[in-house]
2 protein chains.
Amino acid sequence: MTRYEEVAAALRQRIEHDLYRVGDRLPSLRRVCEEFQVSVSTAQEAFRRLEDAALIEARPRSGFFVLPRHVPDQLPAMSRPAQCPLDVSQWDDVLDLVGMPGSHPLLMLGTGIPDLKAPTLRPLTRQLATLHRRHDPADLNYDSLIGSLALRQQVVRLAAASGCLLHPDDVLITTGCQEALSIAIRATTSPGDVVVVDSPSFYGTLQILKANGLKALEIPTDPRTGISLEALELALEQWPVKAIQVTPTCNNPLGYTMPEARKAALVALAKRFDVAIIEDDIYGDLAYGHPRPRTLKSFDTDGRVLLCSGFSKTLSPGLRVGWLAPGCYRDRAMHMKYVSTGASAKVPQLAVAEFIAHGHYERHLREVSRQYQRHRDSMIGWINACFPAGTGVSYPQGGFMLWLELPGGVDCHALNQRLAEQHIRIAPGTLFSASGKYRHCLRINHAAPLTDAVSQAIRCVGATVATMVDEQAATPVDAEAW
Amino acid sequence: MTRYEEVAAALRQRIEHDLYRVGDRLPSLRRVCEEFQVSVSTAQEAFRRLEDAALIEARPRSGFFVLPRHVPDQLPAMSRPAQCPLDVSQWDDVLDLVGMPGSHPLLMLGTGIPDLKAPTLRPLTRQLATLHRRHDPADLNYDSLIGSLALRQQVVRLAAASGCLLHPDDVLITTGCQEALSIAIRATTSPGDVVVVDSPSFYGTLQILKANGLKALEIPTDPRTGISLEALELALEQWPVKAIQVTPTCNNPLGYTMPEARKAALVALAKRFDVAIIEDDIYGDLAYGHPRPRTLKSFDTDGRVLLCSGFSKTLSPGLRVGWLAPGCYRDRAMHMKYVSTGASAKVPQLAVAEFIAHGHYERHLREVSRQYQRHRDSMIGWINACFPAGTGVSYPQGGFMLWLELPGGVDCHALNQRLAEQHIRIAPGTLFSASGKYRHCLRINHAAPLTDAVSQAIRCVGATVATMVDEQAATPVDAEAW
């Protein structure tokens, strides 16, 4: 632990033990320097860590103040999906969410879109404009199938921060993370095979399984620690599983990060049963803690982990820049990449590579992670205040998604119908299950600035849910249906 | 036929009947006006048509002169592929061609790359730079899954020129034509199914069949009129075919355009046997004649034709902008699009839409088509002069590819090995077959300016082939092997 981390840890402990309460002013920089016998720059760095963790905020000419914190009144329960491989359905619901045009009159609370108005994104579009303006015919040409070396080199550096030692030739650039996932799944399976998934699970992956005639075996998942290794082991003993697809870091939709020991155990389990792991790390760089958590891939000793990531959640989904480290499945992955879209567009790759190389990426991540963490706390505060008792809320360790579990058998499709009058829409939980479970759950995005419109919308959703709970209480239904 | 078309047709007939020979000056504008009793602008338009057709050229202050024409001494033979469905191989050879980085020391004669130095492309990169510079957060967001309306509207206008009446909602924007083909094939087949292809056939499509566990049934194909309808009918009677995949206009690699009557008959045949048609029209807008040829889709009455196209061969492959009109397979195509890459990148779509809307696309097509036709004639002249007797050469009606059939059992992989010393590389014919036929054939690109380096390279290839033919004659091999 470096000196400034020690100072930050000491101050954090005092805040967590209520020596300084919400709204209190922390001791001045000078006082901290004296107390801990450190330089001003070390003390500043310690304060910056606490700011990053959304524990304090600087107020101009006044000092540093303790921010309000909110933790959920109640977490969602451990999920209990079906214990057998299932065909995936739910495409109509997914299309309903992703098929919509970009501009529509509804306030979409459930999308997977990061804050695209962050000022730290400006150098990216500037770089794109500059690259196009130079009009180099080479930029208009096919890139090499594996992707631009400049970007692969930067990806290798990012991967090192999550504990992976990769060579640029181990990385395949893709057209967004969706293509990386699609390639990884097709490279490790054949139609009819069984793929294990965490549950709830990202709908994009579930739909890839559907499109390739694969069966999904959903495993009980803890909202704090991720996929149940015990249930997974039983499943691997019982079923002929070909691949395990999980999002172990800043999970979508639950927000948890699996503890390192469980990550290591998961990789060991996959090795014991000789199963591939498809790791979705698209939100991993948005972890609130520092350094960012390790990937499963960092525990991989024999190339069985296919690490999928990209820049849609950190920078811009419209760029469609993703990447895949396919491990020992490289040859099949290259073939799948070729038949899917050929080489990916070149200029966006070069622009992202420059953006990272010049330090803009790190700066941007620092800003938006802090913002997303602040928003999480505010949003949880609103939900605690406005939703009926018994509402479970996730407590994300990164990213910009909250998962809500509603009490009293409230149906989120019915909820969406009622919200339509208020021009509000949430992402219903059924999208995140192979067979349409989680009708009483929903996902909410907390990336964009929390305007009055958003705060009113959350209050409106909470009030509508409360009304529905009361109605349900008046007309009881068979709870088993959920 | 308009008045200027009548004048152009009359003049063309005189050139073709040698009333004016190579190098002769045509009558002046004024004389043509007098003779045909037309306005100056009509006469000018007629001359422009003849220029477009590479029959004449304007020389400043001198008038219009008849250009040299070259037709192949010998066309390639009708292909005779295997008469049964086969698994596709040849991936290693394809990877060898497409896996290479953009900058490498070899002179690549066999690529599928258009002329990217055409000055008429400039407004496109200018538009891209402008769009990025405006830094609209909406541009950074996911587009709608079906693609930007602005581009779909322009695509509908282009499709009208090929005889198709489409609605913007009939069009799905894709990440390049490769994704359109991939989606179309996956939307119409299941693993194990049989797909008919013309032969030789685009390697990208053959590899899609391989990746999806489909079998290719290659049909004899005429180098002037395309796939044999007679052989196709027999095949449809004999095998349970699910889809027919052809490139009937400006075929890659043979260059032919199927006559309209045969196109209509092909669609009727598919209807009789209830089979889907996947039409690759990626080179269709590069037809040398005016108006451009009709698509199979224009003869489609019940939505069984899936029309695949894009802007990789007309504008820039690096943009990755393609499109698909999936007919009655729209729902499955949308699902396949979603799982493949999600929505496609937005800004390239908007830039292409603007480029078309402002007339730049039409202007660019006119220039490059004329250039490609002139290059075809020069290239054929060189090949007639430098390659040994018995070399068959295609006579393309559009696009920028020549297909050569070498005499005496020359093996193009051995040829490439010899050419490596000269830093030259051709695309071997084996890529264009499911099972590695056409070892004695090769594809040559005539898009880029015909520099001295290119002309020397062609002479070098011809001389190397001649040497190999002489060696083969000295050590006869079993001709049946080919």
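Structure data summary
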quantity	calculated
Residue match in region A:300-319 (condition: out of contact with any Phe, Trp or Tyr (no Cβ under 7 Å at 6 or more places or on another chain), touching a residue at least 24 places away in the same chain (Cβ under 8 Å) and of a type in the set (Phe, Trp, Tyr))	yes
Complete set of residues in region A:37-62 that are basic (Lys, Arg) and surrounded by 21 or more Cβ atoms within 10 Å (Cβ to Cβ)	none
Some residue of region B:284-299 being farther than 19 Å from residue B:161 by Cα and of a type outside the set (Lys, Arg)	no
Close pairs (9 angstrom Cβ cut-off, 6 or more residues apart or separate chains): at positive phi in region A:326-347, of a type in the set (Ser, Thr, Tyr) and assigned to a loop (DSSP other than H, G, I, E, B) anywhere	A:342/A:142; A:342/B:175; A:342/B:312
All helices (runs of 4 or more DSSP H) inside region B:47-154 with 3 or more residues being assigned by TED's automatic domain parsing to the domain that holds residue B:342 and among the polar types (S, T, N, Q)	B:122-133
Identity of the residue in region A:323-352, facing chain B (nearest Cβ under 9 Å) and of a type in the set (Gly, Ala, Ser), that ends up nearest to residue A:202 (Cα to Cα)	A:340
Qualifying residues in region B:189-209 (those that are more than 10 Å from every other protein chain (Cβ to nearest Cβ) and aliphatic (A, V, I, L, M)) - the one surrounded by the fewest Cβ atoms within 10 Å (Cβ to Cβ)	B:194
Which listed residue is more than 30 Å from residue B:115 (Cβ to Cβ), more than 17 Å from the chain's Cα centre (by Cα) and facing another protein chain (nearest Cβ under 9 Å), from A:212, A:141	A:212
Test: residue in region B:59-70 that is within 18 Å of residue B:375 (Cα to Cα) and at pLDDT 85 or above	yes
All positions within region B:263-297 that are under 22 Å from residue B:321 (Cα atoms) and assigned to a helix (DSSP H, G or I)	B:284, B:285, B:286, B:296, B:297
Flag if residue A:162 is among the hydroxyl-bearing types (Ser, Thr, Tyr), out of contact with any strand residue (DSSP E or B) (no Cβ under 8 Å at 6 or more places or on another chain), touching a residue at least 12 places away in the same chain (Cβ under 8 Å) and away from every other protein chain (no Cβ under 12 Å)	yes
Test: residue in region B:111-134 that is touching a residue at least 24 places away in the same chain (Cβ under 8 Å), of a type in the set (A, V, I, L, M), surrounded by fewer than 21 Cβ atoms within 10 Å (Cβ to Cβ) and more than 7 Å from chain A (Cβ to nearest Cβ)	yes
Complete set of residues in region A:437-446 that are touching a helix residue (DSSP H, G or I) at 6+ places or on another chain (Cβ under 6 Å) and not in a strand (DSSP E or B)	A:438, A:439, A:446
Any hit, region B:70-79, residues being buried (at least 19 other Cβ atoms within 10 Å of the Cβ) and either basic (Lys, Arg) or facing another protein chain (nearest Cβ under 7 Å) (or both)	no
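Per-residue answers, yes or no, for (1) more than 23 Å from the chain's Cα centre (by Cα); (2) surrounded by 24 or more Cβ atoms within 10 Å (Cβ to Cβ); (3) at pLDDT below 95; (4) not in a strand (DSSP E or B):
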position: A:396; (1), (2), (3), (4): no, yes, no, yes
position: A:402; (1), (2), (3), (4): no, yes, no, no
position: A:408; (1), (2), (3), (4): yes, no, yes, yes
position: A:415; (1), (2), (3), (4): yes, no, no, yes
position: A:418; (1), (2), (3), (4): yes, no, no, yes
position: A:422; (1), (2), (3), (4): yes, no, yes, yes
position: A:435; (1), (2), (3), (4): no, no, yes, yes
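The values are calculated or read from the model by the stated rules, or taken from the named source; none is laboratory data. Since the model is a prediction, treat every value here as computed from it, not as a measurement. Using ideal geometry, Cβ is built from the backbone for each residue, glycine included, and neighbour counts are taken over all protein chains shown.
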